[in-house]
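What follows is a set of notes on a single structure, which appears directly below.
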Amino acid sequence: MNDAPDPQQPAPAAPRSARPRVMVLFGGRSGEHSISCATAGGVLRAIDRERYDVLAVGITPSGRWVLADDDPDRWAIVDGRLPQVEDTAAHVLLPQATDDRDVQVLERGLLPRTVGEVDVVFPLLHGPFGEDGTLQGLLELADVRYVGAGVLASAVGMDKHMMKLVLAGHGLPVGPFEVIRPGELERDPEAVVARIKALGLPLFVKPARAGSSLGISRVDDLADLAAAVEVARAHDPKVVVEAAITGREIECGVLGGHAGERPRASLPGEIVVTDPRHAFYDFEAKYLDEGGVTLACPADLPPDVVAEVQEVAVRSFEAVGCEGIARVDVFVTPEGRVVVNEINTMPGFTPFSMYPRMWQASGVTYAELVDELIALALARPTGLR
């Protein structure tokens, strides 16, 4: 008697567990692919396997969704080696309708097989094609719950230009900036340079829609502006140029509230770049040279300034329409003025990242934070809200 499975018959679905199933989704097409993988390693290590079933899914740099190893060590940054999702034979397909919850796996030569239902997706992607509303739109179409901001808030938070406009429109303090759109510098360089010159020096030139400090340059001489713009354009054709703000770099974590309650703010943390090789908190300082940076948590600030930072962080979260999670970065000037730098709707989330460290200092452990974010996502409705 031949008991081998028939490749032309669909494989039986995995039995339904009483525990919620969480798809931990990471990797992606952006330049922050490896940082997303490292973030996933932290979450996979911390998530309570007795409380949740876990399905690890990676997105390759080319955009292929694949079943991934759920061993946290596979996704760690070790000796400067950056992890990456590799293509496999097991390609993943999301549910295609609102009355479908089954995730399927497609393998060459075989009929699709079901790996079971997914109750919530924990998308740990950073940058374009993951943090910018594109992935969120896909999950909304599939009627699947997910951790974090929705389509509009994700898109606004990713685009530094639009983010600053929204924050300023809500009366929040943002620094002076200009935008260089695609082709603008080539069409009328004198006009662009004149606008930028009015910001003063030094300047920070950034891709409008990138994170992890990718493509950012400090400019101390306008003669270096064009080169800095090209560095930024390697990541995004739209470029934001910001006036430097003298002040301390302070960050604050925000968690969504339950059942209509106001969002919650962590104790603030402070970034101090101590290695002179880093002109600012760049990619290398963030992820590859921990010895060159001091992360003080909580930040040594007067109580009234702490309260102001927390209030500005929560107001920024509300202004953009965030859900679940965000980190708000501000400057605190020598006069005690708080100026918003940016909001990050999916901040770095390794156990050593500032977001979980700030909540640790506020009395919430990393594992508790993971659990809280999943609980918030499970509690909110799908569709318009």
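The values are calculated or read from the model by the stated rules, or taken from the named source; none is laboratory data. Everything numeric in this text was worked out from a predicted model, so none of it was measured. Here the Cβ positions follow ideal geometry from the backbone for every residue, glycine too, while neighbour counts run over all protein chains shown.
A few comments on the model shown:
- Within the range 81-101, the set of residues being under 18 Å from ALA142 (Cα atoms), surrounded by fewer than 17 Cβ atoms within 10 Å (Cβ to Cβ) and modelled with pLDDT of 90 or more comprises LEU93 only.
- Among (1) outside the structural domain of VAL57 (by TED's automatic domain parsing); (2) surrounded by fewer than 17 Cβ atoms within 10 Å (Cβ to Cβ); (3) not in a loop (DSSP other than H, G, I, E, B) - the single one LEU138 does not satisfy: (1)
- Selection within the range 244-280 - among the hydrophobic types (A, V, I, L, M, F, W, C), in a strand (DSSP E or B) and modelled with pLDDT of 95 or more: ILE250, CYS252, VAL254, LEU255, ALA265
- Looking at the range 88-129, the strands (runs of 3 or more DSSP E) lying wholly inside it that each contain 3 or more residues that are in contact (Cβ under 8 Å) with a residue 40 or more places away in the chain sit at 113-117, 120-123.
- Those residues of the range 40-69 which are farther than 12 Å from GLY27 by Cβ, under 20 Å from the mean Cα position of the chain (by Cα) and in a loop (DSSP other than H, G, I, E, B), in sequence order: ILE47
- Cβ pairs under 7 Å, 6+ apart, first in the range 362-385 and assigned to a loop (DSSP other than H, G, I, E, B), second of a type in the set (A, V, I, L, M, F, W, C): SER362/LEU267
- Condition met for LEU165 (modelled with pLDDT of 95 or more and part of a loop (DSSP other than H, G, I, E, B)): no
- Scanning the range 198-215 for residues that are surrounded by 13 or more Cβ atoms within 10 Å (Cβ to Cβ), at pLDDT 95 or above and outside any strand (DSSP E or B) turns up LEU199, LEU201, PRO202, ALA208.
- Considering only residues in the range 22-36 that are in a helix (DSSP H, G or I) and under 12 Å from the mean Cα position of the chain (by Cα), the one that is nearest to VAL121 (Cα to Cα) turns out to be SER36.
- Residue match in the range 65-78 (condition: of a type outside the set (Gly, Ala, Ser), free of Cβ contacts under 8 Å to residues at least 24 places away in the same chain and touching a Pro at 6+ places or on another chain (Cβ under 6 Å)): no
- Here VAL241 meets each of (1) crowded, with 17+ Cβ neighbours inside 10 Å; (2) not in a strand (DSSP E or B) with one exception, condition (2).
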